[in-house]
Amino acid sequence: MQTTASPKRTSSGSGRFLREYGWAYLFILAPVLLFLVFTLYPVASAFVMSFQQYQVMGSTWIGLDNYKHMIGDDVFWKSIRNTVIFTIATVPVNILITFVLAYLIFQMKNKAQTFFKATLYLPAVASGVTISVVWLAIFDPTDSGLLNRFLGLLGIDPVIWLGQSGTALFSLILMNWLGSHGAGIILYLASMGGVPKSLYEAADIDHASGWTKFARITWPLLKPTTLYLLVTGIITSFQVFISVYLMTQGGPNFATTTIAYLIYQTAFQFYEFGLASAQSFVLALLIVIVSVLQFKAFSSDVEY
Amino acid sequence: MKRKGLLLSMALLMGVTTACGGGGGSTASKPDDKDTVTVWTYPVYGEYETELKDRVAKFQSEHPNITVQTEMLSWAEGPQKFDVALNAGNPPDLYFHSVDGTYVNTKLALDLTPYMTDEIKNDYLPGTLELGQIQGVQYGLPLYQFQWGWGGNKRILDAAGIDWKKIQSEGWTWSEFKQAAAKLTGKTADGAPQYALVTDGSSLDFIEMLSRNNGMPDVLDDSGKFQWNDARILDTMSFIKGLLDEGYMPKETAALDPTKRTDMFYAGQAAIISKAIPYYDVMLATRNKDIDAGTVKGEKIDFVYLPVPHNDNEPAKTTTGGEGYVAFKQKNDKGEQHAKNTFMVMEYLSNAEAGSASNQLALPFVRKSQAEAYAGKELGSETTLAAAKKMAANAELPVTLKLDAALAAKQKQFKEQVVKPNMQALYSGEKTPEQIADDFKSKGSQSFGQ
């Protein structure tokens, strides 16, 4: 039997260690350096900046003033509210739609599976900008708008989708529901393919119904994928920006101002980089809290 | 050997990664030293990119030690790119824009006073050099003086019997506009609604132009006094609400973006568009030619440049400003000689030949030498040029040229965070003019302490 012993770090041994494993550390060094330069350093700088009034030629330390200003700002709370509504409305529904589509595709033959996988993955390849422009045409507020024409066929009056507080956020949610399922479907299909057929055969012998097989076999074994989609979905929706920036610019009357858009506005329209950094850290903190809670709530019975 | 290879690779990797953080740029200490001046600009008009290249090549042949690096930005992405560069302390030496208090606030805007010779100053026509100043300090050299009016579709105006020539020469009041709007509202030939006026729900220029024509130069006046807190702003809001209620403007205004606004004007669904510059004359003439050639589909439009109507008891005002090159230094200052070289390039790009910008855009010239160079070559129809000249007589300069940078920044924030959402609420019928006026008053009091 062969065993691998770690090389001893004696003076002659360290040379040998470097010769044998140096390349591995070199390869690790590249991403570590990139992480340090492009992630850790900017994050640390932004954290310091959140306690400063940022000025290019010399910032001023102002303690917690940015955080205090943020807490007292109505628009900040509106943006949190909108972000939470957007997240709650999109993530669970998206997972459900993704799951149903994957489940339907899984029943198909190979060629049909490939066709639907490719078709549904297309929006993931298209840029968010392109998709937003298409949806702007769909939500065109005049009678000639695509969605309004469709409503017209049903005898419903045109709706000013993006121009009214009551419908603007819903319009962005609707766009999200109908757009981004490709990656999730691929993940679910891979997981479904990994469920042992023997479990279904055993269930068939026990005369289990279709629902029982789904509830007792399929769903529990897909939980790791569901948890992954839930966590990444929430992180993504907390950072929703492109559609807001391109379609509503946070309006009307802040109805679609999300926290990510507010951070952009604070930094690049008002040049308040310190305040924007403080807002960013609150967003990061929110994401961490929600992610930890999700892992605590859903991961107890997940086996990897 | 293996170890040497490993060390070499590590050194290379370190070199590559650390190179990313290095600051470039050249410095010059004597007039003949080699130097590079960076210029970020926009496609100001159709031929500008080509003309700029020629002008830069000519400059470089006259000053072989100075390299001019130009970058043509897109109107959509350019401002963000510049803002990031500026706030990182590394703006280009020259940037095409209006002067802005926020630039001055960064302490990176270059004070041009030491380089402005009397010859240069005297070449600028009265009132134009000020367009490149903030609180009397010269930071930019205007290339042209823009002016915003409204744009009319001649066919629709004529069909409704609107005497637009009289409006161009004498202006019009809000009451007169409402009478005209009633005649201009109806149906197009294919049965679609035709509105008297179209604006968009996200821009602020509409309310800015109308309030300017109701005695308010801006949210603040040039002494910093809050203006939008009395009956004048309520009147302005009520005027707009009236236009919406009467159906003179689309009920979908809140959701219209600037592109849709233009599309509706082009499609003949709106007789008047709420923001136009004299250049529309040249632009629409080109579009008409393209329609004739079959490369563009649509109805040909003859452009009528119109002043913005004013409240019956207030004087007419034309929204104007200047755009041109603004000079910057960097956080790691490149020295006095570099600043001198930057100004030399700036002056070259704003000289008599550069009057092509005003000429192409059918705008009044800013320099005597430009007016002389392009005398008799003016583009744009006579009527539009005459209307523009008439409107220039009522020019209202931006208050931001006089305000201190901090107050100008507060005004900008007030417009984005208070005015814009309230305008959208007015367009969508979610707030009344009275509620909006109250909101302006209370939020203005918080923002400006008045």
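The values are calculated or read from the model by the stated rules, or taken from the named source; none is laboratory data. As the structure is a computational prediction, the values presented were derived from the model and not from experiment. FYI the Cβ positions are ideal-geometry reconstructions off the backbone, even for glycines, and counts take in every protein chain you see.
In the range B:366-392, the residue that is farthest from B:Thr320 (Cα to Cα) out of those that are modelled with pLDDT of 90 or more and in a loop (DSSP other than H, G, I, E, B) is B:Tyr374.
Of all the listed residues (A:Phe170, A:Phe214, A:Phe99), the sole one being touching a helix residue (DSSP H, G or I) at 6+ places or on another chain (Cβ under 9 Å) and modelled with pLDDT under 90 is A:Phe214.
Would you check if there is a residue in the range B:201-209 being out of contact with any helix residue (DSSP H, G or I) (no Cβ under 9 Å at 6 or more places or on another chain) and either in contact (Cβ under 8 Å) with a residue 12 or more places away in the chain or within 26 Å of B:Val399 (Cα to Cα) (or both)? Scanning the range B:201-209, I find at least one residue that is out of contact with any helix residue (DSSP H, G or I) (no Cβ under 9 Å at 6 or more places or on another chain) and either in contact (Cβ under 8 Å) with a residue 12 or more places away in the chain or within 26 Å of B:Val399 (Cα to Cα) (or both), so the answer is yes.
Between A:Ser6, A:Ser12, A:Ser50, the distinction of being of a type outside the set (D, E, K, R) and either modelled with pLDDT of 95 or more or closer than 30 Å to B:Ala409 by Cα (or both) belongs to A:Ser50 only. For the range B:149-167, taking the residues that are surrounded by fewer than 21 Cβ atoms within 10 Å (Cβ to Cβ) and in contact with a helix residue (DSSP H, G or I) (Cβ under 7 Å, 6 or more places away or on another chain), the one that is nearest to B:Val345 (Cα to Cα) is identified as B:Trp164.
Screening B:Gly215 on (1) crowded, with 22+ Cβ neighbours inside 10 Å; (2) over 20 Å from A:Pro252 (Cβ atoms) shows it passes everything except condition (1).
One line per residue, one yes/no per condition, for (1) modelled with pLDDT of 95 or more; (2) under 24 Å from B:Gly149 (Cβ atoms); (3) in contact with a Lys or Arg (Cβ under 7 Å, 6 or more places away or on another chain):
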| residue | (1), (2), (3) |
| --- | --- |
| B:Leu306 | yes, yes, no |
| B:Pro309 | yes, yes, no |
| B:Glu314 | yes, yes, no |
| B:Gly322 | no, yes, no |
| B:Asn332 | no, no, no |
| B:Gln337 | yes, no, yes |
| B:Asn341 | yes, no, no |
| B:Ala357 | no, yes, no |
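So, A:Leu153, is that one more than 26 Å from A:Thr258 (Cβ to Cβ), out of contact with any Lys or Arg (no Cβ under 7 Å at 6 or more places or on another chain) and away from every other protein chain (no Cβ under 14 Å) or not? Taking the combined requirement at face value, the residue satisfies it.
Kindly provide the set of residues from the range A:269-282 that are buried (at least 20 other Cβ atoms within 10 Å of the Cβ) and either outside any helix (DSSP H, G or I) or of a type outside the set (Gly, Ala, Ser) (or both), ordered by number.
Matches in the range A:269-282: A:Tyr271, A:Glu272, A:Phe273, A:Leu275, A:Gln279.
B:Lys443 meets all of the listed conditions (1) buried (at least 19 other Cβ atoms within 10 Å of the Cβ); (2) of a type in the set (D, E, K, R); (3) more than 30 Å from B:Ser358 (Cα to Cα) but one, namely (1). Of the residues in the range B:368-390, at least one is more than 14 Å from every other protein chain (Cβ to nearest Cβ) and of a type in the set (Phe, Trp, Tyr). The numbered conditions (1) in contact (Cβ under 8 Å) with a residue 40 or more places away in the chain; (2) touching a helix residue (DSSP H, G or I) at 6+ places or on another chain (Cβ under 7 Å); (3) assigned by TED's automatic domain parsing to the domain that holds B:Pro126 are all true for B:Leu385 except (2).
Of the listed requirements (1) within 29 Å of B:Met423 (Cβ to Cβ); (2) touching a Leu at 6+ places or on another chain (Cβ under 6 Å); (3) hydrophobic (A, V, I, L, M, F, W, C), A:Ile217 misses just one: (1).
Going residue by residue through the range B:79-97, is there one that turns out to be away from chain A (no Cβ under 14 Å) and out of contact with any strand residue (DSSP E or B) (no Cβ under 7 Å at 6 or more places or on another chain)? The answer is no; no qualifying residue exists.
If the condition is being within 12 Å of chain B (Cβ to nearest Cβ), surrounded by 16 or more Cβ atoms within 10 Å (Cβ to Cβ) and without any contact (Cβ under 8 Å) to a residue 12 or more places away in the chain, then the range A:57-97 contributes only A:Asp73. The residues on offer are B:Gly101, B:Gly136, B:Gly127, and the sole one that is surrounded by fewer than 17 Cβ atoms within 10 Å (Cβ to Cβ), closer than 16 Å to B:Glu323 by Cα and in the same structural domain as B:Leu349 (by TED's automatic domain parsing) is B:Gly127.
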